Every structure is written in structure tokens, then in C-alpha cells.
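Notes follow the structure.
The values are calculated or read from the model by the stated rules, or taken from the named source; none is laboratory data. Remember, it's a predicted structure, so these values are computed and weren't measured experimentally. With ideal geometry, Cβ positions are generated from the backbone for all residues, glycine too; neighbour counts draw on all protein chains shown. Surface accessibility is based on the protein's heavy atoms, side chains included, excluding ligands, DNA and RNA. Shrake-Rupley method; radii C 1.70, N 1.55, O 1.52, S 1.80 Å.
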Amino acid sequence: IELSHGEGSPYFEWSLGRTLGAGSFGTVRAATHRKSGVRCACKVLCRSLIAKHGDAEMALERELSVMHNMAHRIAEAPIVRLMQMQDYGDLRLLFLEPLCDGNL
């Protein structure tokens, strides 16, 4: 993957760290916001792989919708909150607030 670090690139705003896990459509990596120092988990998904599996594409859209709706309804609920989403080339990056107080 060619990573441009110019403005508009998620890598300009975020520093991606070690891989926390991997699945069929991408990986989850530790991430730190460059300006604020806020840490989170970043789900890095390959959009072309997801598009080949219609059920997976619908499930992802449903998951994003639920995260968005729940974040506005129940501020203190122990759910993963979507902090930011960015499409970059063939990648969809989901920056997720961690639920634990430990190290990512």
C-alpha cells in the first residue's frame, strides 16, 4: 500500500501502530491522533474484498448505522463508538474508541 502522508490522507492525521488483530477483510491496528494524542483502535478494511461479498457489505453498513445511532442515544453505554471514518483509495478506516482503560 502506498501511503501518502499529505493532507487528506488519514496518515497525515493519525499514526498507526501495531496490529491488534486480523480478519477476512482487514486488520485492526492501534492508532494515535497526531495532534491530540488520543489513542484508539483503527479497523482497516479492504473495500474491494468487502464488495465481492454482498452480505458482508450490507453487514458493515448496518454495523456503521447502529454505531452512529447508538452513540447519539446513549452517551454512557458500553458500546464501541465510531470516532471517525475515512475512505482512502481501496481502504475504509474506522477509528473506534477503545472500551478498555489498558494498553492498546
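Brief remarks follow.
- Yes/no for P98 being modelled with pLDDT of 65 or more, open to solvent by 30 Å² or more (accessible area, probe 1.4 Å) and out of contact with any His (no Cβ under 7 Å at 6 or more places or on another chain): yes
- When residues of the stretch 58-83 are limited to those that are in a helix (DSSP H, G or I) and modelled with pLDDT of 70 or more, the one farthest from R39 (Cα to Cα): M58
- Subset of the stretch 24-63 that is surrounded by 15 or more Cβ atoms within 10 Å (Cβ to Cβ) and among the polar types (S, T, N, Q) - its residue that is nearest to F12 (Cα to Cα): T32
- Across the stretch 1-57, the qualifying residues are those that are under 18 Å from D87 (Cβ atoms) and of a type in the set (K, R), and the one among them that is modelled with the highest pLDDT is R29.
- Every residue from the stretch 34-52 that is in contact with a Phe, Trp or Tyr (Cβ under 9 Å, 6 or more places away or on another chain), of a type outside the set (A, V, I, L, M, F, W, C) and free of Cβ contacts under 8 Å to residues at least 40 places away in the same chain: R34
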